[in-house]
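Working notes, structure below.
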Amino acid sequence: MPEAATPASASAGVSLPPATPVPAASPQAATPPLPSASSAAPALSVRLVPLLGGNPILIHEPTVVGRDPDNISAYPGAERVALDDPTRSVSKTHAAIFPLLDGVWVTDLHSTNGTRVEYRDGRTVEAVPDKALSALEGSTIFFGRVAFKVEVV
């Protein structure tokens, strides 16, 4: 019967820690925690400009968007913004948005018609419900069929 090879470190009396798997990089991450009112972060402002015209939406704090959004328990204190949607493809409470220095995190809230981000390089990523997806400046966010360009201001 052949003997198993013994690593050199084991024969020298050195033990190695078990290998820890490295998570794969992904544009989707766990939903970021809401910033506290006492956090000393710089003021953030991101504008979502509707591609079909209309007034831009200024995002400066965690915000829940939809046709008639409820302030759901997972995002207490979030601002609520109603989206104009003649196509009726936006859910009542569709997504949560968190401003960043270079864009936003967008989290689909189990909407009927989904949320996706189209990046400047042409890639499109569908949001997984309850997982934050980054949308950097110049990206387009689709809430159902309604699209908004991300601008940092």
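Loop-only check: which chymotrypsin sites (Phe, Trp or Tyr not before Pro) in region 117-146 are DSSP coil with at most 16 other Cβ within 10 angstrom? Intermediate results must be reported in sequence, preceding the final value.
Values: sites: Y119, F142, F143; in loops: Y119.
Answer in residue order: Y119.
Once the Cα gyration tensor of region 71-153 is found, what semi-axes does its equivalent ellipsoid get, as square roots of 5 times the eigenvalues, in whole Å, sorted largest first?
Details: eigenvalues 69, 48, 29 Å².
Equivalent-ellipsoid dimensions as semi-axes: 19, 15, 12 Å.
Quick one: if you take sqrt(5λ) for each eigenvalue of the C-alpha gyration tensor of region 64-103, what semi-axes come out, biggest first, whole angstrom? Each step should come with its number before you reach the end.
Working: eigenvalues 70, 39, 10 Å².
Gyration-tensor ellipsoid for region 64-103: 19, 14, 7 Å.
Read-outs throughout are calculated quantities, based only on the coordinates presented, and are distinct from any laboratory measurement. The structure displayed is predicted, hence computed values, not measured ones. Heads up, the Cβs are rebuilt from the backbone with ideal geometry, glycines too, and the neighbour counts pull from every protein chain shown.
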